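Visitor: Got a structure for you, written out below as structure tokens; questions coming shortly.
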């Protein structure tokens, strides 16, 4: 499991997003992403990379100010899993002293798309052991094999 304290150690580049949902909370809800987390980029063999990939839940807690901009039309593409380019965060301190983070999840697919919001932090849980594959994401069949 990862959490907000691990932010600087985690790289989400090219991780597929298969879905997202808003989870109701008492005051602020959570924003949960179903991702294929690339646990390791393996050295190329005969010029081809392979990856260790695990289905994971990336959940941001106490979310507010959510903006979702996903534009498949600009790419004239059919809907398929999104892919993360990078996740940015910035500390936000309110006049009463409460601190939180402003987050932006930039997507590299579809282009010019993103999620932005404020959240106190995140947790990430891996749902199964990583699978070695020649792709940066798992097939629906591979994703359904639980531990």
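The values are calculated or read from the model by the stated rules, or taken from the named source; none is laboratory data. Treat the numbers as computed from the prediction; the structure is a model and nothing was measured. Every residue, glycine as well, gets a Cβ built from its backbone with ideal geometry; the counts of neighbours run over all protein chains shown.
Visitor: Of the residues that sit in the stretch 22-51 and are without any contact (Cβ under 8 Å) to a residue 12 or more places away in the chain and either assigned to a strand (DSSP E or B) or closer than 21 Å to residue 117 by Cα (or both), which one is nearest to the chain's Cα centre (by Cα)?
Guide: Top of the filtered list is 41.
Visitor: Further question on the same structure: Take the residues in the stretch 45-56 that are in contact with a strand residue (DSSP E or B) (Cβ under 8 Å, 6 or more places away or on another chain) and surrounded by fewer than 16 Cβ atoms within 10 Å (Cβ to Cβ); name whichever of them is modelled with the lowest pLDDT.
Guide: Across the stretch 45-56, the extreme among qualifying residues is 49.
Visitor: Quickly run through the stretch 77-109 and pick out the residues that are part of a loop (DSSP other than H, G, I, E, B) and within 20 Å of residue 16 (Cβ to Cβ).
Guide: Result: 77, 78, 79, 80, 81.
Visitor: What's the number of the only condition in (1) touching a strand residue (DSSP E or B) at 6+ places or on another chain (Cβ under 7 Å); (2) within 23 Å of residue 6 (Cα to Cα); (3) surrounded by fewer than 18 Cβ atoms within 10 Å (Cβ to Cβ) that residue 84 fails to meet?
Guide: Of everything listed in (1) touching a strand residue (DSSP E or B) at 6+ places or on another chain (Cβ under 7 Å); (2) within 23 Å of residue 6 (Cα to Cα); (3) surrounded by fewer than 18 Cβ atoms within 10 Å (Cβ to Cβ), residue 84 misses just condition (3).
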